[in-house]
């Protein structure tokens, strides 16, 4: 019996050692040097390694926004007492074929900085959108700008929102939509955070249009394949009519761009060029960062966002 016990203990030790080595190897590969003990400790701190400065309970609740016949599904995240006083607001605009659930960590992080955080699903923004339009055939950057406009308008009328401190955080295509909104409504937005904004999409739609071989935008098929997704012709038509550089130059709000150097979807160079066009912007570079948000990305992004929004 003692011999069996020793064997089980030995096997357990070997397994723990192997798991430890595997986890540590994975962490080194991603550039995050942590021991196994430190890995489990991460659960007790924020994603960028600092203890929360706000001990108040953070809550989330559903909040719907009406745009005509469309009801946009969204979630408010904030300190439990957020209705007791006016607070700054930040609205998260998700990326292409994403949903609001991708940004839970960002919502919690921003709420602990004292913001009311609103995330929502764009109508037709993905196959899983809880706002409807899941065939994605009616979606474009301009229809998503209408969604964002409805969100800002409705929340601006809430007694708990400080209308002098409304901010946007746009991710990928959501960064493009946030840019378009801020350009059209310069007095409504205080600060703009852009995470790998997909300014490349305007070159992408031109390439897709050229490959169709049609005479004009009026001849674009009702359904097209773009970025491995079935989209409606409105997606191409609306984007082809936008000069994004001119829109960027209209923006007066302070802008923070965060972009990875190894982004294969939206090359880093697009962020560099956009940073030159904004009147008041800062580009934060994530070395070897790609077109997704992970712990290594947030190690750079979270401190930069906190400094930008709270200074």
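The values are calculated or read from the model by the stated rules, or taken from the named source; none is laboratory data. Please read these numbers as outputs of a predicted model, since none were measured by experiment. Because the Cβ atoms are built from the backbone with ideal geometry, glycine has one as well, and the counts that use them run over all protein chains shown.
Residue check, residue 99 against (1) modelled with pLDDT of 50 or more; (2) surrounded by fewer than 16 Cβ atoms within 10 Å (Cβ to Cβ), all met but one. Which one?
(2)
Kindly evaluate residue 205 against the criterion of being touching a helix residue (DSSP H, G or I) at 6+ places or on another chain (Cβ under 9 Å), more than 28 Å from residue 311 (Cα to Cα) and in a helix (DSSP H, G or I).
Details: touching a helix residue (DSSP H, G or I) at 6+ places or on another chain (Cβ under 9 Å): yes; more than 28 Å from residue 311 (Cα to Cα): yes; in a helix (DSSP H, G or I): yes.
Taking the combined requirement at face value, the residue satisfies it.
Hey, any hits in the stretch 205-220 for a residue that's buried (at least 18 other Cβ atoms within 10 Å of the Cβ) and within 23 Å of residue 91 (Cα to Cα)? Explain how you work it out, then say what you get.
Kept after step one, since they are buried (at least 18 other Cβ atoms within 10 Å of the Cβ), are these residues of the stretch 205-220: 205, 208-209, 220.
From the residues that got through so far, the ones that are within 23 Å of residue 91 (Cα to Cα) too are none.
No, because not a single residue in the stretch 205-220 is buried (at least 18 other Cβ atoms within 10 Å of the Cβ) and within 23 Å of residue 91 (Cα to Cα).
Quick check on residue 102: is it assigned to a helix (DSSP H, G or I) and over 14 Å from the mean Cα position of the chain (by Cα)?
no
Criterion first (without any contact (Cβ under 8 Å) to a residue 40 or more places away in the chain and on the phi < 0 side of the Ramachandran plot) does residue 250 satisfy it?
Numbers: without any contact (Cβ under 8 Å) to a residue 40 or more places away in the chain: no; on the phi < 0 side of the Ramachandran plot: yes.
So residue 250 does not fit the description; no.
Only residues in the stretch 158-182 that are closer than 16 Å to residue 103 by Cα and not assigned by TED's automatic domain parsing to the domain that holds residue 203 count as the first member; pair them with residues that are buried (at least 21 other Cβ atoms within 10 Å of the Cβ) and at pLDDT below 95, Cβ under 8 angstrom, at least 6 apart or cross-chain, and list the lot.
none
Restricting the search to the stretch 113-132, which residues are buried (at least 20 other Cβ atoms within 10 Å of the Cβ), part of a loop (DSSP other than H, G, I, E, B) and touching a strand residue (DSSP E or B) at 6+ places or on another chain (Cβ under 8 Å)?
Scanning the stretch 113-132 gives 115, 121, 122, 123, 131.
Just to be sure before I move on: is residue 276 assigned to a helix (DSSP H, G or I) and more than 28 Å from residue 124 (Cα to Cα) in the structure I sent?
Details: assigned to a helix (DSSP H, G or I): yes; more than 28 Å from residue 124 (Cα to Cα): yes.
Spelling it out, residue 276 is indeed assigned to a helix (DSSP H, G or I) and more than 28 Å from residue 124 (Cα to Cα).
Would you point out which residue out of 220, 242, 189 is closer than 17 Å to residue 138 by Cβ and in contact with a helix residue (DSSP H, G or I) (Cβ under 9 Å, 6 or more places away or on another chain)? Before you say what the answer is, go through the steps one by one.
Numbers: 242 fails: closer than 17 Å to residue 138 by Cβ; 189 fails: closer than 17 Å to residue 138 by Cβ.
From the options 220, 242, 189, the qualifying one is 220.
So, of the residues in the stretch 221-231 that are under 30 Å from residue 283 (Cα atoms) and either more than 25 Å from the chain's Cα centre (by Cα) or without any contact (Cβ under 8 Å) to a residue 40 or more places away in the chain (or both), which turns out to be surrounded by the most Cβ atoms within 10 Å (Cβ to Cβ)?
Out of the qualifying residues, it is 226.
I'd like to know if the stretch 81-95 contains one or more residues that are modelled with pLDDT under 50, surrounded by 12 or more Cβ atoms within 10 Å (Cβ to Cβ) and assigned to a helix (DSSP H, G or I). I'd like the intermediate steps shown before the answer.
Initially, the stretch 81-95 is screened for residues modelled with pLDDT under 50, giving none.
Within the stretch 81-95 (the criterion being modelled with pLDDT under 50, surrounded by 12 or more Cβ atoms within 10 Å (Cβ to Cβ) and assigned to a helix (DSSP H, G or I)), the answer is no, since none of the residues qualifies.
How many of the residues making up the stretch 296-311 are surrounded by fewer than 18 Cβ atoms within 10 Å (Cβ to Cβ) and touching a helix residue (DSSP H, G or I) at 6+ places or on another chain (Cβ under 8 Å)?
Within the stretch 296-311, residues that are surrounded by fewer than 18 Cβ atoms within 10 Å (Cβ to Cβ) and touching a helix residue (DSSP H, G or I) at 6+ places or on another chain (Cβ under 8 Å) number 0.
Could you tell me which residue of the stretch 133-167 is farthest from the chain's Cα centre (by Cα), considering only residues that are under 12 Å from residue 87 (Cα atoms) and assigned to a loop (DSSP other than H, G, I, E, B)? Explain how you work it out, then say what you get.
Just the residues of the stretch 133-167 that are under 12 Å from residue 87 (Cα atoms), to begin with: 155-156, 158-167.
Checking which are assigned to a loop (DSSP other than H, G, I, E, B) leaves us with 158-160.
On the way: 158: 24, 159: 26, 160: 24 Å.
By that ranking, first place goes to 159.
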